[in-house]
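Step one of this worksheet: look at the structure below.
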Amino acid sequence: MERSICKVIPLLLFVLMSHSKGLAQFSPPGLGEVHTAAWLALGAKQDLDQKGTTVSSTYLGFGSVSDPNNYNPVEKPSIYVINQEVTHRFKPHWKYALALSYRWQNRYTPRPPYDYDTPKARQELRAYGSISYLNSFKKINYAFTYRPEVRRFYDPDFTLATESLQFRSRFKAKLSFYLNGSKTQQISTAAESLFAMGKTENWSKFTYKESRFSLYYSLTLPRQDITLNMGYMNNLLGRDFSKDAHYLAFDVAINNPFHHKSGQGSHSQ
C-alpha cells in the first residue's frame, strides 16, 4: 500500500465496521517498527448457553517479523500469545467481553546482524474488557467497540521491565458482508486507533500511539464446523503516520468443539 494512501485511511475510521456470526478473526497483535510480519493462530469458540449469547474464545498465536534490511515476514520469530475471552450479548445490539492474555515477545537490535537485544524478550500479562454496539444496514453488518486494557510488562526473569505498566484504550470500527446466501463466505474490514499512557519512573501523558487497518476473507466449512480466516493488516505508527508495517494473517477457529448447537449461529466477533 502506498504511503500517501495510508495517510488518508485514518479519515475512514468511523465509517468502517462489522459484526459477524462465527466468522470473527483472531487479529494479529502490533509488533512495533517492522517492515513486514506474519501471524498464525489456532483457536476454539464455544457457545456457553443454548441461545449462543455467551461465547468463550480461546486461541494460541504465533507471529514472526522481517529484519530491518528486508521484507521477509518469516525472518525471525517474534511473539507467542495465549488469549482467553468470554463475550456476552445482553441486548440485541449490545455485547461486552472480559479477557486475560499472556504474551512473550522477542526483542532484536536494529543493527546488523540483528541479533537478540538486551533483555532478549518482554513478557506481558494483559487484562481487558470491551463494550460493542452491533447493528446492520441492508446487507452490511457493522459495529463499534471500545476496549480498555491494563498491561503489565516483565523481563524474561520476571523482573519488572523499564516500562512496567500501561493503560491503553482502543476504539474500533468494523464492517462485513456475506458473499453467499448460506453465509459461509464473508469479507470484513476494520479500522482501529490506539491511545495509551505508560509508567517508567513516572507516568507518561495519555496520547495517540497507532492505527490498524485490516481486510479479511473468511470461509466456514459447515461439516467440519471450522472457520478459516485469511487477511492483511496495515499498522501505522506515530502521529504523522511516518512508519507503517504490513502483516499477513491466517487463523483457524474451531466452532463449538464440545457440542453441536442446532439453533442460530454464534454471536461472537
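The values are calculated or read from the model by the stated rules, or taken from the named source; none is laboratory data. Quick caveat, the model's predicted, so the values are computed rather than measured. Cβ atoms come from the backbone with ideal geometry, glycine included; neighbour counts cover every protein chain shown.
Summary table below
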quantity: Condition check for Ala190: out of contact with any Lys or Arg (no Cβ under 8 Å at 6 or more places or on another chain), among the small types (Gly, Ala, Ser), under 24 Å from Tyr217 (Cα atoms) and surrounded by 15 or more Cβ atoms within 10 Å (Cβ to Cβ); calculated: no
quantity: Selection count, segment 46-72, where residues are among the polar types (S, T, N, Q), over 21 Å from the mean Cα position of the chain (by Cα) and more than 20 Å from His35 (Cα to Cα); calculated: 2
quantity: Residue, nearest to Thr54 (Cα to Cα), within segment 160-188, restricted to residues that are in contact with a Gly (Cβ under 9 Å, 6 or more places away or on another chain) and assigned to a strand (DSSP E or B); calculated: Ser188
quantity: Options Thr227, Thr200; residue that is of a type outside the set (Asp, Glu) and either touching a Leu at 6+ places or on another chain (Cβ under 8 Å) or surrounded by 13 or more Cβ atoms within 10 Å (Cβ to Cβ) (or both); calculated: Thr227
quantity: Some residue of segment 14-29 being at pLDDT below 95 and more than 21 Å from Tyr216 (Cβ to Cβ); calculated: no
quantity: Unique residue being among the aliphatic types (A, V, I, L, M) and within 21 Å of Ile82 (Cα to Cα) when the list is Leu134, Leu175, Leu160; calculated: Leu160
quantity: Given (1) aliphatic (A, V, I, L, M); (2) in contact with an Asp or Glu (Cβ under 8 Å, 6 or more places away or on another chain); (3) closer than 19 Å to Lys95 by Cα, number of the condition Ala161 does not satisfy; calculated: (3)
quantity: Members of segment 189-213 that are outside any strand (DSSP E or B) and of a type in the set (A, V, I, L, M, F, W, C); calculated: Phe206
quantity: Arg223 out of contact with any helix residue (DSSP H, G or I) (no Cβ under 6 Å at 6 or more places or on another chain), over 28 Å from Asp117 (Cα atoms) and outside any strand (DSSP E or B); calculated: yes
